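See below for the structure under consideration.
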Amino acid sequence: MDGSLRRALLHPAWRGLLAACVLLFWLPASAQELSLPAVTAKAVAGGGTEYSLSIQLLLLMTLLTLLPAVLLGMTAFTRIIIVLGLLRQALGTGQTPTNQVLIGLSLFLTFFVMSPVLERVYTEGIAPYMADELAFEPALQAASKPLRAFMLAQTRDTDLISFARIAGDEPYASPEDVPFAVLAAAFLTSELTTAFQIGFLLFIPFVIIDMVVSAVLMSLGMMMLSPMLISLPFKLMLFVLVDGWALVTNMLAASFRAVGAS
């Protein structure tokens with residue numbers, strides 16, 4: 001394995017992400033009495049055998065199907081992928097870049113933004129649990145604090161108040177009192193709002209180019225010529241000249257509020 005790839009895989013943030021997935025389904029040390037075999041076999045009348053899956057395995061398989069949606073809805077991925085999708089529409093390039101390219105870029109940007117949070121999750125919750133310094137529940141609470149801090153820093157107060165009102169709760173005395181269900185819903189709503197605001201700002205220069213090209217073609221009497229066909233090269237040239245991809249990715253990374261170490 002290449003040395004740089006090995007160092008990347010051994011990065012604390014990667015270890016934190018992988019260990020967090022394991023921690024979600026890790027049983028406490030005293031849960032051996034409650035654990036069930038994955039597959040149980042029982043003899044039936046007539047000499048046959050009946051096989052059945054344990055409830056634990058079925059629950060684990062169900063959670064695994066929901067894990068991607070939960071992780072993506074609690075990280076920076078939502079804002080990044082929406083902004084990149086709107087940027088592609090503003091450029092008018094159809095399916096270029098492809099969905100796979102946009103998703104890959106969004107995942108790497110998400111890892112870059114979430115690296116400090118994942119490192120804290122690993123060092124404060126997962127590493128002590130694996131070293132038998134913390135029990136399961138205290139470790140889970142310690143690991144969730146950095147993620148909650150990140151989500152609270154990106155969430156608008158108006159969204160929190162709205163979902164708290166829907167849940168029938170009184171105003172919360174402190175951020176620690178916000179239930180996770182309310183926080184997750186408010187965070188995702190705030191991310192959608194922020195992504196559309198950024199997308200609106202990205203659309204403005206490209207809409208201006210479309211309007212200018214359309215006005216020029218109408219003044220020249222070229223009614224049958226599609227303005228999009230003419231404006232696309234100009235939009236691509238403008239985007240390349242200003243180093244658009246670097247500007248957009250830097251802006252997206254800087255749009256997330258930093259979370260303090262406390």
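The values are calculated or read from the model by the stated rules, or taken from the named source; none is laboratory data. These figures come from a predicted structure and were not determined experimentally. Positions of Cβ are generated from backbone atoms using ideal geometry, with glycine treated the same way; all protein chains shown enter the neighbour counts. These area figures cover heavy atoms from the full protein model, side chains too; ligands, DNA and RNA do not enter into them. Shrake-Rupley method; radii C 1.70, N 1.55, O 1.52, S 1.80 Å.
Quick notes on this one:
- Scanning the stretch 67-103 for residues that are over 10 Å from the mean Cα position of the chain (by Cα), open to solvent by less than 20 Å² (accessible area, probe 1.4 Å) and either within 24 Å of Ala139 (Cβ to Cβ) or not hydrophobic (A, V, I, L, M, F, W, C) (or both) yields a single hit, Gly85.
- When Thr75 is tested against the conditions (1) at pLDDT 85 or above; (2) not in a loop (DSSP other than H, G, I, E, B), the lone failure is (2).
- Cross-chain or 6+ apart pairs with Cβ under 6 Å, the stretch 127-144 first and within 20 Å of Glu176 (Cα to Cα), then not small (Gly, Ala, Ser) and not in a helix (DSSP H, G or I): Phe136/Pro28
Residues checked against (1) in a helix (DSSP H, G or I); (2) in contact with a helix residue (DSSP H, G or I) (Cβ under 9 Å, 6 or more places away or on another chain); (3) crowded, with 17+ Cβ neighbours inside 10 Å; (4) free of Cβ contacts under 8 Å to residues at least 40 places away in the same chain:
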site: Arg148; (1), (2), (3), (4): yes, yes, yes, yes
site: Ile161; (1), (2), (3), (4): yes, yes, no, yes
site: Leu183; (1), (2), (3), (4): yes, yes, yes, yes
site: Gly199; (1), (2), (3), (4): yes, yes, yes, no
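- For the stretch 163-180, the tally of residues that are open to solvent by 80 Å² or more (accessible area, probe 1.4 Å) and within 27 Å of Ala254 (Cα to Cα) stands at 2.
- Of all residues in the stretch 201-221, exactly one satisfies the criterion of being open to solvent by 90 Å² or more (accessible area, probe 1.4 Å) and in a loop (DSSP other than H, G, I, E, B), namely Leu220.
- A single entry from Leu188, Leu236 fulfils the requirement of being in a helix (DSSP H, G or I), farther than 30 Å from Ile161 by Cβ and touching a residue at least 12 places away in the same chain (Cβ under 8 Å): Leu236.
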